[in-house]
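What follows is a set of notes on a single structure, which appears directly below.
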Amino acid sequence: MASILWRRVDRVGMERAIIESTPDRFRLAGTVLLAEADGPIEIRYSVLTDRNWHTRTVGAHVQTATGDRRLALNSDGAGTWSAGDDPVLELYGAIDVDLAWTPATKTLAIRRLNLDVGESAEAVTVGIAFPAHEIERRTHHYERLAPMRYRYRSGDFETDLTVNDQGLVVAYPGGWTTESGS
């Protein structure tokens with residue numbers, strides 16, 4: 001198991017995330033604490049993937065001063081998504097999930113794509129916005145610049161990510177920085 005502690009650099013916030021492996025899957029989970037104008041927010045999330053890093057389940061619980069919200073999505077790992085027994089057709093084709101409140105989910109595409117230095121690829125994701133919990137299909141672009149550096153693009157946004165041996169982001173300019181990791 002690997003763990004990491006991030007600090008927000010653009011506002012008050014911290015996150016502890018873990019990544020663990022079993023013989024048939026990977027689990028990425030974390031707790032995010034943010035200070036917002038309306039009060040503190042706590043987000044707990046968990047993402048399960050198969051051994052090839054295809055997202056299979058996503059769960060999140062957001063607690064705010066105005067109440068709680070929960071999210072649960074399932075995937076067949078090949079681009080078909082559901083919420084409970086209901087298919088979510090507008091997400092068809094997405095393999096990864098991108099939770100807007102954490103840099104941790106960048107690890108999913110980085111590990112699944114397994115790019116060599118100089119290679120690039122697109123990752124179709126289920127993007128989940130914060131705090132609105134809007135869910136939409138998005139396309140992200142990853143380019144491996146060096147053994148531990150990737151250029152990440154989504155729409156008009158672009159940044160260079162630095163990762164550790166597990167593929168966890170250790171530097172996300174303008175968003176997160178690592179305080180501690182193992």
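The numbers here are math on the coordinates, done by the rules we state, and not lab data. This structure is a prediction, so every number in the text was calculated from the model and none was measured. A quick note on method: Cβ atoms are made from the backbone with ideal geometry, for glycine too, and the neighbour counts reach across all protein chains shown.
Computed from the C-beta positions of A121 and A65, the FRET efficiency with R₀ = 35 Å rounds to 0.30.
Across the chain, Cα pairs under 8 Å and at least six residues apart give a relative contact order of 17 percent.
The slack between T22 and H141, meaning 0.36 nm per residue of separation minus the straight C-alpha distance, is 40.0 nm. Calculated [222 nm] ellipticity per residue, helices only, for the chain: -1000 deg cm²/dmol; basis is -39500 (n - 2.57) per DSSP H run with n ≥ 4, divided by all residues, nearest 500.
The per residue volume of the convex hull around the alpha-carbon atoms of the stretch 2-181 is 111 Å³. The length gained on full extension between S3 and R151, counted as 0.36 nm times the residue separation minus their Cα-Cα distance, comes to 51.0 nm.
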